[in-house]
């Protein structure tokens with residue numbers, strides 16, 4: 001797995017239970033996330049991990065897109081408030097930016113790139129639509145989860161991703177959907 005992000009590794013490991021995911025070794029350099037799309041960034045990381053290890057590699061790039069901001073923060077979600085910003089700083093900036101907006105529609109997007117040992121590449125995308133709450137709530141999840149209210153929990157359910165159980169979150173999350181598509185590919189014998 002072309003990541004050292006423990007949150008992502010744990011989330012994917014809970015979904016891809018039949019795959020042994022190993023974090024990227026400390027000495028392996030990943031390219032900077034300078035792509036214009038989630039797919040660009042995910043593929044760059046998966047290719048680098050495969051080149052360095054010779055093993056099949058999985059990488060993801062994901063983030064939040066806000067309609068009122070023309071899709072921002074998008075691929076810059078982890079650096080929205082600056083290159084060294086914390087999750088809390090990024091979320092606070094998004095809340096401020098959307099405060100005056102009539103449209104608080106947001107979506108989480110995840111692209112998983114899979115590069116097999118031979119170098120064949122596949123992309124798997126997952127999406128979770130929702131709205132941004134006016135203030136953070138809940139203690140689960142990470143990133144923008146404390147203010148992301150998913151639409152998939154049904155009308156009248158105003159819980160944020162950070163208030164859902166892990167099982168509920170994995171069922172509807174962007175990363176969960178992309179990971180299930182990857183698992184279906186890996187275990188369908190189609191590659």
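The values are calculated or read from the model by the stated rules, or taken from the named source; none is laboratory data. Keep in mind that what you see is a predicted model, and the values were worked out from it rather than measured. No Cβ is skipped: glycine too gets one built from the backbone with ideal geometry, and neighbour counts run over all protein chains shown.
Here residue 160 clears all of (1) modelled with pLDDT under 95; (2) in contact with a helix residue (DSSP H, G or I) (Cβ under 9 Å, 6 or more places away or on another chain) except the condition numbered (1). In summary, helices (runs of 4 or more DSSP H) completely within the range 1-101 and bearing 2 or more residues that are closer than 25 Å to residue 148 by Cα and modelled with pLDDT of 90 or more occur at 38-53, 87-98.
If we scan the range 165-188, do we find a residue that is crowded, with 16+ Cβ neighbours inside 10 Å and on the phi > 0 side of the Ramachandran plot? Scanning the range 165-188, I find no residue that is crowded, with 16+ Cβ neighbours inside 10 Å and on the phi > 0 side of the Ramachandran plot, so the answer is no. Select from the range 142-178 the residues that are in a helix (DSSP H, G or I), in contact with a strand residue (DSSP E or B) (Cβ under 7 Å, 6 or more places away or on another chain) and under 16 Å from residue 131 (Cβ atoms) and list them in ascending order. 147, 151, 152, 161, 172, 174 - these are the residues of the range 142-178 that are in a helix (DSSP H, G or I), in contact with a strand residue (DSSP E or B) (Cβ under 7 Å, 6 or more places away or on another chain) and under 16 Å from residue 131 (Cβ atoms).
What number of residues within the range 126-135 satisfy the criterion of being over 18 Å from residue 166 (Cα atoms) and free of Cβ contacts under 8 Å to residues at least 60 places away in the same chain?
Looking only at the range 126-135, we keep the residues that are over 18 Å from residue 166 (Cα atoms), and these are 131-135.
Retained after the next criterion (residues that are free of Cβ contacts under 8 Å to residues at least 60 places away in the same chain): 131, 133-135.
The number of residues fulfilling the criteria is 4.
Can you say whether residue 89 is under 21 Å from residue 59 (Cβ atoms) and surrounded by fewer than 19 Cβ atoms within 10 Å (Cβ to Cβ), as far as the supplied structure shows? No; evaluated as a whole, the condition is false for this residue. The residues of the range 142-164 include none that are more than 17 Å from the chain's Cα centre (by Cα), surrounded by 18 or more Cβ atoms within 10 Å (Cβ to Cβ) and on the phi > 0 side of the Ramachandran plot. Residues of the range 130-141 that are buried (at least 20 other Cβ atoms within 10 Å of the Cβ) and out of contact with any strand residue (DSSP E or B) (no Cβ under 7 Å at 6 or more places or on another chain): 141 alone. A single entry from 65, 109, 75 fulfils the requirement of being touching a residue at least 60 places away in the same chain (Cβ under 8 Å) and either within 21 Å of residue 138 (Cβ to Cβ) or buried (at least 16 other Cβ atoms within 10 Å of the Cβ) (or both): 109.
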